[in-house]
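> Sharing a structure below in structure tokens format, with a few things to ask.
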Amino acid sequence: MGEEKTAGQSVACEYLLQALRCVQCGKCSSGCPVAFETRHTPRKVMRFLQRGWVEEAARSPFLELCAQCQACTVRCPRGIEVSEVLLALRRLARAKGWAREDGFHKSMERMIRENGRVNEMKLGLAAQLGRIPRHPFEDLLLLFKMFLRGKLP
């Protein structure tokens, strides 16, 4: 088991070292569909890593928003796997306790461990319980559409 963890850490380290090849051209951020949502962008996270600010990079709010769509990786002229760097950074943040735990991901991981797959209805309910809905009418409309499409039991 210890060997697996060491192998996993070396893979994460390998991805994080790719950030050193970044020339800060900004193509990753210009192609990112969620970069406008936060002041941090893939380019900024890569810069944090270049400066050795791993914890700052791992605490970046952008990591929570990254859709893993691979647009940054495809656009990178240096061939850096930016999305993999971000994913490795997210895993490191969770391992070190730098990332804040949220109910959605905990519920999803528990479902996968217990059932081997995710039940969308249960996951949605687990994520929304205890929260005040921001858009109650839109949520009801979505619930109705899901029912009509047979997504609900």
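The values are calculated or read from the model by the stated rules, or taken from the named source; none is laboratory data. These figures come from a predicted structure and were not determined experimentally. Heads up, the Cβs are rebuilt from the backbone with ideal geometry, glycines too, and the neighbour counts pull from every protein chain shown.
> Taking region 98-153, which residues are at pLDDT 80 or above and at positive phi?
Gly116, Gly150
> Could I ask something else about it? I'm trying to understand the selection: among the residues of region 27-42, which are in contact with a Leu (Cβ under 8 Å, 6 or more places away or on another chain) and outside any helix (DSSP H, G or I)?
The initial filter retains those residues of region 27-42 that are in contact with a Leu (Cβ under 8 Å, 6 or more places away or on another chain), namely 34, 37-38, 42.
If the condition is that a residue be in contact with a Leu (Cβ under 8 Å, 6 or more places away or on another chain) and outside any helix (DSSP H, G or I), then Val34, Thr38 are the ones that fit.
> Something else about it: Any idea how many residues of region 41-58 are free of Cβ contacts under 8 Å to residues at least 12 places away in the same chain and over 13 Å from Leu89 (Cα atoms)?
As a first pass, look at region 41-58 and keep what is free of Cβ contacts under 8 Å to residues at least 12 places away in the same chain: 51-53, 56.
Then keep just the ones that are over 13 Å from Leu89 (Cα atoms); that gives 51.
Qualifying residue count, region 41-58: 1.
> Same structure, new question: Need pairs with beta-carbon distance below 7 Å; first residue of a type in the set (A, V, I, L, M) and within region 135-153, second in a helix (DSSP H, G or I); sequence gap 6+ or separate chains.
Leu152/Met121; Leu152/Met146
> Quick check on my filter: what residues within region 108-127 are of a type in the set (Val, Ile, Thr) and part of a helix (DSSP H, G or I)? Walk me through it before giving the result.
Taking region 108-127 and keeping what is of a type in the set (Val, Ile, Thr), we get 112, 118.
Result: Ile112, single match.
> Identify the residue in region 1-36 that is modelled with pLDDT of 85 or more and of a type in the set (D, E, K, R) and, among all such residues, is surrounded by the most Cβ atoms within 10 Å (Cβ to Cβ).
Here is the first cut: in region 1-36, the ones modelled with pLDDT of 85 or more are 17-36.
Still in the list and also of a type in the set (D, E, K, R): 21, 27.
Working: Arg21: 12, Lys27: 19.
Going through the qualifying residues, I end up with Lys27.
> Sticking with this one: Say whether the condition of being in contact (Cβ under 8 Å) with a residue 12 or more places away in the chain and of a type in the set (Phe, Trp, Tyr) is met by at least one residue in region 90-107.
yes
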